[in-house]
């Protein structure tokens, strides 16, 4: 147990939740398996508003139909949280991931505000559905192919290479650049492998200017609040892989495109990855429903965690304070 800088008790281990003092406060479950810097930022923001934040892993939750609550969260006893902030969903087998999302769906069904909810997580964690929804809504996004058969994937890749285009091969589920490869020549096709039986291929978009860069735009409640340029040491521009963050001005076109992408996927908040192509047009690459913002926070003046917490409490939890 620790104290924030404003003197509110912040619980960092669920067995300590059931104290006399905790029952006097409204409690928010921060869903994460690795609180770190982001968890601390959220804890401080919730505490400043008189809420008691509790870290909770979805791996610890269970359903129990019959007597009592149908969803049991460790440390909450016979109560449900007053709100849920989803900071991360653990990986695992298909059955495990579906169960974790079931918990989020059930909490929302029981009237608990969930931010982002299970449907938003589902739409973004599945790159095929993200691409489909963006394309169907007319949001500019790279040409994309999702197939089951390897011979189909090879034929698509060969056709793109012959036309002078590089391809990106991605796992259907993944983040921070893990498992992503660029296909530049025919010999690269020898190692082309599926992601658990599915091939996700996307045309590589060359960015304007020299080097490698893309844009991360942070959207909260339909409004783009901050943006940065990520300059990669290679064609992968992830901060986790060494990309340098630079502040950028949010022009109306960039802000509008990011907000439109997030609205298409019906998310409370998101990080939108956008490339300005060599021909000067913006293109949405990905939409992240559990985005990190440490790099962005370092180059912008607003308090992102504070904006997130304010939106959740004011819009989803009715602005109720303890």
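List of remarks:
- Qualifying residue in the range 125-147 (condition: without any contact (Cβ under 8 Å) to a residue 24 or more places away in the chain, crowded, with 16+ Cβ neighbours inside 10 Å and either in the same structural domain as residue 277 (by TED's automatic domain parsing) or touching a helix residue (DSSP H, G or I) at 6+ places or on another chain (Cβ under 6 Å) (or both)): no
- Checklist (1) within 26 Å of residue 206 (Cβ to Cβ); (2) modelled with pLDDT under 95 applied to residue 133, failing item: (2)
- Against the list (1) modelled with pLDDT under 95; (2) assigned to a strand (DSSP E or B); (3) under 17 Å from residue 89 (Cα atoms), the condition residue 33 fails is (2).
- Those residues of the range 188-221 which are free of Cβ contacts under 8 Å to residues at least 40 places away in the same chain and at positive phi, in sequence order: 196, 209, 211
- If you go through the range 251-268 and keep only what is buried (at least 17 other Cβ atoms within 10 Å of the Cβ) and without any contact (Cβ under 8 Å) to a residue 40 or more places away in the chain, you end up with 254, 255.
- Considered as a group, the residues in the range 279-304 that are out of contact with any strand residue (DSSP E or B) (no Cβ under 7 Å at 6 or more places or on another chain) and surrounded by fewer than 20 Cβ atoms within 10 Å (Cβ to Cβ) include one that is farthest from residue 215 (Cα to Cα), and that residue is 303.
- Residues in the range 105-123 that are touching a helix residue (DSSP H, G or I) at 6+ places or on another chain (Cβ under 9 Å) and without any contact (Cβ under 8 Å) to a residue 24 or more places away in the chain: 4 in all.
- The lone exception for residue 293 - which of (1) touching a residue at least 60 places away in the same chain (Cβ under 8 Å); (2) touching a helix residue (DSSP H, G or I) at 6+ places or on another chain (Cβ under 6 Å); (3) closer than 12 Å to residue 224 by Cβ it fails: (3)
- In the range 183-194, the residue that is nearest to the chain's Cα centre (by Cα) out of those that are under 25 Å from residue 94 (Cβ atoms) and surrounded by 16 or more Cβ atoms within 10 Å (Cβ to Cβ) is 194.
- Inclusion of residue 26 among residues that are modelled with pLDDT of 95 or more and within 24 Å of residue 310 (Cβ to Cβ) is not warranted.
The values are calculated or read from the model by the stated rules, or taken from the named source; none is laboratory data. Everything quoted here is computed from the prediction, not taken from an experiment. Note that each Cβ is placed from the backbone with ideal geometry, even for glycine, and that neighbours are counted across all protein chains shown.
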